[in-house]
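Student: Take this structure first; my questions come after.
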Amino acid sequence: MDKRFFKLFNLTEEEAIALLDTPLDKLEEDDSRYVAASHLINFPTEASISALMRAVQNTEPSLENRIVRRKSVESLGRLEATQALPVIRDCLADDDCYTVENAVWAIGEIATQDAEILEEIAQLLEKPEQTYRVIIHTLGKLGYKPALERIRKFVDDDDKTIASAAIATIYRFTGDNSSMDQVTDFLQHPNVYARRLCIQDLIDVRYYDAIPEITKCPVSLIFRLRGIRMLAEAGIPDGAIAFADIEPHLDRVICDRPQDLTLVHEYDVTPALEFAIRELYETDFGRCYLATQTLLETYGDVASEALMATYAQEAHNDYGAHYHVVKLLGWLKYAPAYDVFIEALHNREPQFQKSRTAAAIALGELGDERAIPELKTCMSTKIWDLKYAVLIALEKLGDTSVREIAANDQDWIIRAKVEHL
């Protein structure tokens, strides 16, 4: 579990418990029971679990309290608190569909095999206005095959995130892959959430044939790298795939060129330079990649200064645009951006992690040998995709001196990459 963002609150366990237990009418202006419920994920103790259970059992009807209950259920799931199962199970009958959704998800995290509880979850497929994707995903994860026919009803759902989960779960239960092409087709769906979530479905059912298509899916490389790596970690020990099968796909995703993607958006007319740069700030990376391709192909001779200007104005503080600007300046081989790349390479803020990978690739593209010692310092990080990018960049710069160190890296994927260099 990635806990980099969990410890953002300056509260002790005791303070968080006391805050969560505080009645609404006794709260100070800056107090937040929601923050307390979120923060207790850092403390897998009986005291924290008991406090979260009390919060779930507090059925005061205000919206604020309902939101706290939802978060408390989620935190109990993250803590895999088996002792909280009865309390969470009661939430399956809640009037608030979001509380029900979190309860189903939490039960999936706790991983109970109690057939009565699993049947209660399956029956929610017959209840209107529920979050069916989470229900189907949980039933699949926990292997509850008596729900199979009820899940079949969702394979043609208008919501493709639901249809994807249903098709993948049927494959998981039956081994029949005849409809799995529909799931891989969702990797090019216009809706970014459908693209992201079907990657998760492909991971869940270990559909190794989808790796090349995941590589080309126009979502953030974080989702694609996670998908490929998790499939590799399942498939390589089983002999279903080999590292040689995934290496070219990992290389493409780490380098992340728009021409290696299947773009799902298009422009009616060639946009102005200013418009293309604004598109780098979109949350749908599919639009960012289309803009990136346009900037490289149409505005390659004038884009660099405009990119530096947007970096100074906004992109330095916008982690999505930051990533795309760094990549672009590297492919444009814009030497005045060297200091920008070095700063990005060493940026330790969690939300800028993918920019560090982009900076490594950009430095390799730039070809400035001053970057070699800077890149080498990153081999001590625990961020595997950054180390992978550094290896690619150093090879491009003609330096092979880190191979011996990388051959003994704690991460298997780095060791495997060195063996194939």
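Student: Restricting to DSSP loop positions (anything but H, G, I, E, B) with no more than 13 other Cβ atoms inside 10 Å of their own Cβ, which GluC sites (Glu not before Pro) remain in the range 297-396? Display every interim value, and only then the final one.
Tutor: Details: sites: Glu297, Glu305, Glu314, Glu343, Glu365, Glu369, Glu374, Glu395; in loops: Glu314, Glu369.
Passing sites in the range 297-396 are Glu369.
Student: Whole-Hz ³J(HN,Hα) for each residue in the range 183-188, computed from phi via Karplus 6.51 cos²θ - 1.76 cosθ + 1.60 with θ = phi - 60°, x for glycine and proline: what do you get?
Tutor: 3J(HN,Hα) across the range 183-188, in whole Hz: 5, 5, 5, 5, 5, 10.
Student: Which is the longest run of the chain containing none of the trypsin sites (Lys or Arg not before Pro) found in DSSP loop states (not H, G, I, E, B) with at most 14 other C-beta atoms within 10 Å? Write down the numbers at each step before the final one.
Tutor: Details: sites that count: Lys3, Arg4, Lys7, Lys153, Lys333, Arg348, Arg370, Lys382.
With trypsin sites (Lys or Arg not before Pro) excluded where exposed in loops, the chain gives 154-332 as its longest stretch.
Student: If you don't mind, another one. Along the positive direction of the dipole of the chain (beta-carbon charges: Lys, Arg +1; Asp, Glu -1; about the Cα centre), which of Thr400, Trp384, Val35 reaches farthest?
Tutor: Thr400
Student: Could you let me know the centre-to-centre spacing of the range 131-153 and the range 175-199, using Cα atoms, in angstrom?
Tutor: First find each Cα centre; the distance between them is then 17 Å.
Student: Compute, for the range 35-150, the length of the dipole vector about the Cα centre, with Cβ point charges of +1 (Lys, Arg) and -1 (Asp, Glu) only. Units Debye, rounded to 20.
Tutor: Working: 12 positive and 18 negative charges, 64 e Å.
That gives a dipole near 300 debye.
Student: Charges on Cβ only, +1 for Lys and Arg, -1 for Asp and Glu, centred on the Cα centroid of the range 113-255; of Asn177, Ile136, Val192, which one is farthest towards the dipole's positive end?
Tutor: Ranked along the dipole, the leading option is Val192.
Student: Now, a different point. May I ask for log10 I(q)/I(0) of the range 182-255 at q = 0.26 Å⁻¹, from a Debye sum over the Cα atoms as equal point scatterers with solvent left out?
Tutor: -1.21
Student: Also, quick follow-up: Can you sort His39, His324 so the residue with the fewest Cβ neighbours within 10 Å comes first?
Tutor: Least to most surrounded, the residues fall as His39, His324.
Student: Related question: If you keep only loop residues by DSSP, which GluC sites (Glu not before Pro) in the range 38-85 have at most 14 other Cβ atoms within 10 Å of their Cβ?
Tutor: Values: sites: Glu46, Glu64, Glu74, Glu80; in loops: Glu80.
Sparse-neighbourhood loop GluC sites (Glu not before Pro): Glu80.
Student: What number, in percent, do you get for the relative contact order of the chain if the mean sequence gap of Cα pairs under 8 Å and at least 6 apart is divided by its residue count?
Tutor: Details: 549 pairs, mean separation 29.0, N = 421.
Averaging sequence separation for qualifying contacts and normalising by length gives 7 percent for the chain.
Student: So, in Å, what gap is there between the alpha-carbon centers of the range 361-378 and the range 310-333?
Tutor: Between the Cα centres of the range 361-378 and the range 310-333 lies a distance of 17 Å.
Student: Taking 8 Å as the Cα distance limit and 6 or more residues as the minimum spacing, I'd like the relative contact order of the range 113-255 as a percentage. Walk me through the numbers before you get to the answer.
Tutor: Details: 161 pairs, mean separation 21.5, N = 143.
Answer for the range 113-255 is 15 percent.
Student: Once you've got the Cα coordinates, tell me which of Lys333/Lys396; Lys382/Lys417; Lys71/Lys145; Lys376/Lys417; Lys141/Lys382; Lys354/Lys387 are over 19 Å apart. Please report the intermediate quantities before stating the final value.
Tutor: Values: Lys333/Lys396 13 Å; Lys382/Lys417 16 Å; Lys71/Lys145 29 Å; Lys376/Lys417 16 Å; Lys141/Lys382 29 Å; Lys354/Lys387 12 Å.
Violating the 19 Å Cα-Cα cut-off are Lys71/Lys145; Lys141/Lys382.
Student: Given Leu225, Ile236, Tyr319, which one lies farthest toward the positive end of the charge dipole of the chain, if we put +1 on the Cβ of every Lys and Arg and -1 on the Cβ of every Asp and Glu?
Tutor: Ile236
Student: Bin all alpha-carbon pair distances of the range 284-385 at 10 Å intervals from 0 and give each bin's fraction as a whole percent.
Tutor: Once binned at 10 Å, the Cα pair distances of the range 284-385 give 16, 51, 29, 4.
Student: Rank these for me by crowding, Cys378, Cys97, going from fewest to most other beta carbons within 10 Å.
Tutor: Working: Cys378 21, Cys97 14.
Lowest count first: Cys97, Cys378.
Laboratory data are not the source of any read-out in this text; all were calculated from the coordinates shown. As the structure is a prediction and not an experimental result, all values here were calculated from the model. FYI the Cβ positions are ideal-geometry reconstructions off the backbone, even for glycines, and counts take in every protein chain you see.
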